[in-house]
Every structure is written in C-alpha cells, then in structure tokens.
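In what follows, a structure is listed as structure tokens, so that the remarks can point back to it.
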Ligand code: GLU
C-alpha cells in the first residue's frame with residue numbers, strides 16, 4: 001500500500017511552529033516514500049474555526065515549501081478534506097455503530113452526569129455508569145429518538161487493554177478502565193475530535209500518523225474506534241514536544257511561536273524548515289544545514305528522539321545566516337529589495353553597487369532585517385563616533401598628513417563614488433611620496449574614511465560610500 005500521510009490543522013489560530021514541524025515531517029515522509037501528502041482541515045469547532053485562519057495556515061505551509069498533493073481545492077476520490085463538509089459522513093458512521101451495538105444514545109441529564117463524575121473521582125467507579133449503556137434500554141432510546149428527542153451518541157468502551165507500537169515511543173499499553181464511554185456525536189450532531197479524526201484517517205486511506213506527543217492519550221480512544229469500524233489502525237509516530245530553554249511548554253513568552261511572525265521578520269523559509277526539522281529528528285550523516293529536497297532521499301521515522309526538543313531562537317537565527325550566505329548575490333539583492341525600507345538610499349543605486357554591497361555584508365548578517373542597519377551604520381553614517389583605538393590612530397603624526405592629501409584629492413569631487421583603483425593609487429602615493437607604511441598607512445586610511453578602526457575590506461567599503469559622506473568624515477577627523 002502506498003504511503004498516505006496527512007497534516008490535520010485546526011484553523012483556530014495561526015500556524016504554530018510545532019504544527020509546522022509536524023507538517024514537515026509528514027511531508028518529508030511522503031516524499032521519501034513516493035507517497036502522498038494530504039492536508040485535512042479539522043474545522044468542526046465552529047466557534048473557534050475561521051476561514052481566514054485556514055487560508056493563513058495553508059499560505060504559511062506553502063511559504064515553507066510544503067505543498068500538499070491532496071486536500072482542500074485538490075480533492076481526490078476519497079475526499080472531501082474539510083471536516084465541515086463531512087458532517088453527514090460522521091453522522092452516518094455514528095448511527096452505524098449504534099445499529100451494531102457499539103455505541104448508544106445517552107439520555108442522562110446533566111445532573112446525572114455530574115453525579116457520575118463526582119463518584120468516579122471519589123470512588124474510582126467508571127466515568128460513565130448511566131443505564132443507557134445497557135442493551136435492554138436501547139429500544140426505548142431509539143423510540144425516543146424517532147419521536148424527535150435529541151441525545152448524544154456515546155461509544156461503548158470495551159473492557160480490555162489496548163496496545164500499539166509507536167515508531168518513536170515503542171510499545172504503549174493502555175490498561176482497561178482508563179476511559180469511560182465517551183461521546184462521539186453530540187446531540188446537535190457535531191462529531192467529537194477523536195471520532196471524526198479516525199473516520200477520516202480511515203476513509204482518507206491514511207497509512208501513517210505522525211503528530212505531537214500530546215496526542216498519545218487520544219490514541220487509546222482512537223484505537224477503540226478503529227476496531228469498532230473494522231478498520232486497521234495506521235502506524236503511529238508521536239514526536240516529542242517543543243519546549244523553551246526553561247524546559248516549559250513553548251509559549252509566546254519564549255518568543256515568536258507562529259510561522260507568520262517569522263515570515264514577517266524576514267526569516268528564510270528554508271532556514272525555518274531546516275531548523276524545525278532538526279528539533280527532535282537527526283540527519284543520518286549528522287548534517288545540520290540542508291534543504292528540504294536534500295532530505296527526500298534520507299528522511300525516515302527511525303531517527304526521532306524521545307526527549308523534548310528545546311526551541312532556541314539564537315540557533316535558528318544562526319541557521320538563517322547560514323542559508324543566507326549560501327545564496328548567490330543576485331538572489332540576495334532581489335530579496336533585499338523587498339526588505340529595505342521604501343525610499344532608502346539602497347534602492348537608488350545601480351545593480352553593480354547593490355551586488356557589491358550585498359557581497360560585502362552578507363557575511364555580517366543573519367537576517368535580512370539586519371542589512372539596513374549595517375548599511376546605515378557603516379556605509380551611510382555621516383557622524384561617526386570614534387572608539388579609543390580610532391582616537392589613538394587619529395593622534396598619530398602621519399594621520400593628518402594622509403587627511404590633508406585625501407581632502408585635496410577629493411576637493412573637486414562632490415558626488416558619486418571613488419573607485420577601488422583610486423583608493424589603491426592614493427595609498428600608493430602616501431606610501432611612496434609621504435613615506436607612510438604599514439599600520440599607520442592602513443589604519444590611517446581606515447579611521448579617516450570610515451571612522452572605525454576595523455571593518456570589512458576597506459577598498460570595497462570605500463567604493464560603496466558616497467564621496468559626500470567620505471568628505472564629511474574627513475572633516476570631522478580634523479576637529
Ligand atoms: N486537529 C488536530 C490538531 O490540530 C489533529 C491531531 C492529529 O494529528 O490527529 O491537534
């Protein structure tokens with residue numbers, strides 16, 4: 001049977017990074033096995049679900065490079081893939097279970113249910129002990145339903161242990177008595193998560209369920225439903241949860257937790273995908289920088305870790321920097337055009353200047369959003385602040401000589417840029433004619449023209465800096 005996996009988001013908020021990681025694992029598993037990756041929208045919580053969130057979540061998945069083969073808008077013969085379009089199916093399946101004696105209508109009142117809960121907690125009796133679980137009352141129940149009364153349908157929980165083998169956690173056994181008869185269809189005919197999830201996984205021909213560890217306990221109810229439907233349960237892989245550095249469940253306190261926020265902060269989708277993939281899974285060759293395509297041939301379910309994965313924003317940022325440096329300069333220019341503020345000096349320069357500038361600064365930044373401040377601070381800063389070392393260099397007796405010479409060379413140039421060749425020629429002149437060599441020469445030039453005592457390749461930096469700014473710096477150095 002060919003692999004069919006699914007990501008089943010509930011559109012009740014933005015795509016969480018934990019959800020994005022689950023989606024990624026499913027997507028990669030499908031790719032690695034020549035299978036199909038399905039998206040199923042679990043929107044039965046009518047109050048909290050919204051179309052906007054569905055659209056946002058699907059757009060975020062796409063942005064990360066996770067395109068689904070089958071799902072909303074890409075249906076196959078096993079669809080539909082939005083739960084709100086499948087309500088009649090859940091009702092039909094629930095009624096079938098009632099017919100087969102595997103579920104029953106429950107006419108207990110709220111008070112009765114409350115009493116059962118209290119007794120169950122105090123005395124350890126089963127969570128549901130209502131009379132309606134007994135077959136002798138089922139005819140009466142059916143008659144009341146036929147007469148128009150509304151009642152929820154409860155699943156009749158078998159009195160036995162359930163065991164399954166999880167691809168990550170190994171053998172998991174749920175001893176009998178852990179759950180009482182649970183509702184599968186509410187009296188308003190809305191299905192409950194565990195029920196519709198299983199009906200769908202079965203009908204959607206899902207072979208493997210890869211999801212967060214927080215769903216392990218749901219698996220018990222789900223195994224019961226598979227059994228009742230006469231369906232084979234899929235292979236389960238419950239991956240570890242994401243936690244913060246303080247070992248607490250990941251929340252907004254730890255920083256951005258939705259994919260949208262990373263997108264807005266100019267993170268590269270391939271870097272976020274790379275990072276999320278490594279939270280709880282490891283590459284067979286221990287590689288840490290890769291593209292999703294590179295994983296197609298190596299991804300498998302054997303390399304998950306059982307322990308919680310610590311979400312580290314600094315590591316993600318570093319990884320973003322690695323992906324950024326791997327891009328070619330023309331691509332970076334294109335990306336930066338969309339990231340640098342509207343009307344900024346950068347946009348008014350020619351392609352050659354942009355390429356050079358990007359080539360110089362890509363080593364210094366991890367995020368696109370850091371580029372503009374590098375430019376402002378090092379290329380466009382008119383009013384430099386000197387460090388102690390820079391002040392010392394300005395105090396050397398040779399520095400004013402270089403300054404006088406440079407001011408003279410630039411006296412009749414008021415706009416544009418100097419070339420790398422010009423700078424080389426000027427240094428040469430100072431060396432030959434003014435006899436200034438070594439550190440006094442290089443540091444003198446650097447401090448006078450950039451205001452800094454260290455920085456990137458001076459020739460390149462100077463050729464990117466407008467002459468007008470170089471002149472302002474030279475003037476300031478004399479005050
Ligand atoms: N809609 C569920 C969730 O978002 C899906 C869980 C599952 O994958 O079974 O948690």
If packing is taken as the average count of other Cβ atoms within 10 Å, what order do 449-459, 67-77 fall into, highest mean first? 449-459, 67-77
Hey, fewest Cβ within 10 Å first, where do 17, 402 land in order? 17, 402
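Quote to one decimal, in nm, the extra length available between residue 178 and residue 433 on full extension: 0.36 nm per residue of separation minus the C-alpha distance between them. Walk me through the numbers before you get to the answer.
Details: separation 255, 0.36 × 255 = 91.80 nm, distance 9.16 nm.
Going from the current span to full extension adds 82.6 nm.
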Calculate the radius of gyration of the Cα atoms of the stretch 1-56 to one decimal place, then report Dmax, the largest Cα-Cα distance, as a whole number, both in Å. 12.5, 38
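Using only Cα atoms, what Kirkwood radius does the stretch 25-162 have, in angstroms?
Numbers: mean 1/r = 0.0534 Å⁻¹.
One decimal place: 18.7 Å for the Kirkwood radius.
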For the chain, what does -39500 (n - 2.57) per DSSP helix run (n ≥ 4), summed and divided by total residues, give at 222 nm, in deg cm²/dmol to the nearest 500? -13000 deg cm²/dmol
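Can you give me the relative contact order of the stretch 376-479 as a percent, contacts being Cα pairs under 8 Å and 6 or more apart?
Working: 113 pairs, mean separation 48.0, N = 104.
Relative CO of the stretch 376-479 lands at 46 percent.
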May I ask for the percentage of alpha-carbon pairs in the stretch 338-479 that lie more than 22 Å from each other? 37 percent
Over 5 Å intervals from 0, what percent of Cα-Cα pairs in the stretch 267-397 sits in each interval? 2, 9, 16, 16, 13, 11, 11, 9, 6, 4, 2, 1, 0, 0
For the stretch 174-307, evaluate the Debye formula with one uniform point scatterer on each Cα (no solvent term) and list log10 I(q)/I(0) at q = 0.10 Å⁻¹, rounded to two decimals. -0.49
State the extension gain, in nm to one decimal, for the chain segment bounded by residue 415 and residue 92, taking 0.36 nm per residue of separation less the distance between their alpha-carbons. 108.5 nm
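Kirkwood hydrodynamic radius, computed over distinct alpha-carbon pairs, for the chain: how many Å, to one decimal?
On the way: mean 1/r = 0.0366 Å⁻¹.
Over the chain, the inverse of the mean reciprocal pair distance is 27.3 Å.
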What does the convex hull of the alpha-carbon atoms of the stretch 228-276 project to on average, in nm²? 6.0 nm²
Please figure out what share of the DSSP beta bridges in the chain is antiparallel and state it in percent, rounded to the nearest 5. 50 percent
Cα centroid separation - the stretch 209-277 against the stretch 408-454, whole Å: 57 Å
Which value, to two decimals, describes the C-alpha radius of gyration of the stretch 244-304 once divided by 2.2 N^0.38 Å? 1.27
Relative contact order of the chain, please, whole-number percent, based on alpha carbon pairs below 8 angstrom and at least 6 residues apart. 13 percent
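Bear in mind these aren't lab numbers, they're just calculated from the coordinates by the rules spelled out. All figures in this text were calculated on a predicted structure; none of them were measured in a lab. With ideal geometry, Cβ positions are generated from the backbone for all residues, glycine too; neighbour counts draw on all protein chains shown.
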